[in-house]
Amino acid sequence: MLELIKRAFSRDAASDAFENRRAGVGRPFSAGVNEPTMDDVPPVADGPWSKGEHRDATPPVDVPVETTSDIIVPKSAFDAWPEDSNPLVNAVVDYVNTLSNQGLYKRKEIHAVARQAFNCDYYLAQVLNGGHAQFVGNSGVLIEETWGDVSAALKAMHAKDYMLLAHAGRKWVLENPELAKEQTGFEGGIDPALAKLDKPFYLLNTKSPLRPKIAEWLAMHPDLKVVADDALGQEMQNVIDANAMLPHRKAIITCASVTGQLTDPLRVGTAMCCGRISPLDFLVQIGSGTYKPIEGDKMMAFMVSTLSGSCYATPIEGHGVTLYECVQHDNAHLPKNKFDASLEDIQAYRPNEVGRQLSHVSQDEILSAIDLAKRFQAGDAIHLLATQLKQKDVSSLTILNAGRMQNGQEALICGQIVEGQVWIYKVMEHGVTCDLASADGGQLAAASRAEVSFHAQSHAITSLR
């Protein structure tokens, strides 16, 4: 890192690099990776699997990816500088976001200068919008890492006055970790010590704007790679594809989303309600919420799509979730193009209404199901079997049972519609199975508790940081 900063401010090196990039010359991207080997992977316990299926001995283990070697920006953004600093800074922000969100690169795998410029610009935007308190509050658990990037960027830019303010804010956070968690930037969430830093920052940014400093630092950096605008998409795709750990990291995110379905009270309550509708129905999607008149009161109701139609899920704190029928009106009087609707058409419009109660799940039942899902690592277990069965979409589980079965064993039983078939996942203390719910039945896949635990460990969402 120190060597990079020295190179960035070496007059000869910076001048040469600047002229090369102005002419469209840049080093090709060459991000290498350390491929995982079988020696890196612990053994997996034996367990039952689907008949005739070849089982991979172990899932991949996340390994460090080499830091990206270039900071790629379009020529139009570079050419706009120094008259306009915004396109260049925005381009680097887009670069970091693309690598993080699409390439799933970890923070330390992204070029240090790009990451530092990104966080320095984030710092600027947050403070200008809601002061240092907002910056601290919105940074959350990443506050110290973010401060570190901001400090490094300001130091590299020789922005001494900004450094003093940032250092003061960082020092306060280190000394007041509990108070730091309470910062929001809104009334009641602004500590006076942080507020004192805001006015000097605003005055400094008026006198000596920070964004042009960031842009100048980037423009003169030897690792900036300027590419033709029409080549940018392919260049970025090359960087994304260079991350050999991308498929495994996508799997980690999918696994976390399955776990989220089984630990979020609204989703769990709604999934359990769908499993109690008579005749049995299956959850497809939970939509947005709006206030609706229900039983003489106005309550938040979330639109729910099920296999048989639409309904409303209404959560009431301390009382659980209730599922209601959705009464839909055809509003046939409305023109096909809604923009052609007259005032009379709009006034005659009849919105969806909440109908009769379909099912209810109590708060205690929801919390008990969540506890069971956590104890049995249900999200990880179901994702493991879905992966074996090459089922990519596990976004709509219906909870059919959460508790003791007739044989006395505890189990979390979930159903999912897959290409017209009903798959039943049964997660128990000793492992998980997936069965086909049909006259013929039959087990599709199974895994032991040891296998589930290993899958949970190798797919921990915390490994993405």
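The values are calculated or read from the model by the stated rules, or taken from the named source; none is laboratory data. It should be emphasised that the depicted structure is a prediction, and the values quoted were computed from it without experimental measurement. Note that each Cβ is placed from the backbone with ideal geometry, even for glycine, and that neighbours are counted across all protein chains shown.
At a glance:
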| item | result |
| --- | --- |
| Candidate set: region 229-276, residues that are polar (S, T, N, Q) and buried (at least 21 other Cβ atoms within 10 Å of the Cβ); chosen: the one nearest to L384 (Cα to Cα) | T259 |
| Residue tally, condition among the polar types (S, T, N, Q) and more than 30 Å from the chain's Cα centre (by Cα), over region 279-326 | 1 |
| Filtered residues of region 280-312 (kept if acidic (D, E) and on the phi < 0 side of the Ramachandran plot) | D281, D297 |
| Filter pass, K374 being more than 30 Å from E325 (Cα to Cα), without any contact (Cβ under 8 Å) to a residue 40 or more places away in the chain and loosely packed, with under 15 Cβ neighbours inside 10 Å | no |
| Residue satisfying condition, being touching a Gly at 6+ places or on another chain (Cβ under 8 Å), among the polar types (S, T, N, Q) and modelled with pLDDT of 95 or more, within set T259, T270 | T259 |
| Single match in G131, G140 (criterion: on the phi > 0 side of the Ramachandran plot and in contact (Cβ under 8 Å) with a residue 24 or more places away in the chain) | G131 |
| Unmet criterion (only one of (1) under 22 Å from D281 (Cα atoms); (2) of a type outside the set (D, E, K, R); (3) in contact (Cβ under 8 Å) with a residue 40 or more places away in the chain) for M405 | (3) |
| Given (1) out of contact with any Cys (no Cβ under 9 Å at 6 or more places or on another chain); (2) touching a residue at least 12 places away in the same chain (Cβ under 8 Å); (3) of a type in the set (A, V, I, L, M), index of the condition V427 fails | (1) |
| Flag if G275 is touching a Ser or Thr at 6+ places or on another chain (Cβ under 9 Å), of a type outside the set (S, T, Y) and farther than 30 Å from I72 by Cα | yes |
| Which listed residue, of A193, A180, A231, is under 21 Å from I72 (Cα atoms) and small (G, A, S) | A231 |
| Some residue of region 96-116 being assigned to a loop (DSSP other than H, G, I, E, B), at pLDDT 60 or above and in contact with a Phe, Trp or Tyr (Cβ under 9 Å, 6 or more places away or on another chain) | yes |
| Residue, modelled with the lowest pLDDT, within region 346-366, restricted to residues that are farther than 20 Å from Y425 by Cα and part of a helix (DSSP H, G or I) | Q347 |
| Residue match in region 291-303 (condition: among the β-branched types (V, I, T) and at pLDDT 90 or above) | no |
| Hits in region 439-465 (condition: touching a residue at least 12 places away in the same chain (Cβ under 8 Å), in contact with a strand residue (DSSP E or B) (Cβ under 7 Å, 6 or more places away or on another chain) and surrounded by fewer than 17 Cβ atoms within 10 Å (Cβ to Cβ)) | Q443 |
| A386 vs. criteria touching a residue at least 12 places away in the same chain (Cβ under 8 Å), over 18 Å from D264 (Cβ atoms) and in contact with a Lys or Arg (Cβ under 9 Å, 6 or more places away or on another chain) | yes |
| Residues within region 212-230 that are part of a helix (DSSP H, G or I) and under 20 Å from I110 (Cβ atoms), tallied | 5 |
| Lone unmet requirement of (1) more than 21 Å from A446 (Cα to Cα); (2) over 31 Å from the mean Cα position of the chain (by Cα) for M405 | (1) |
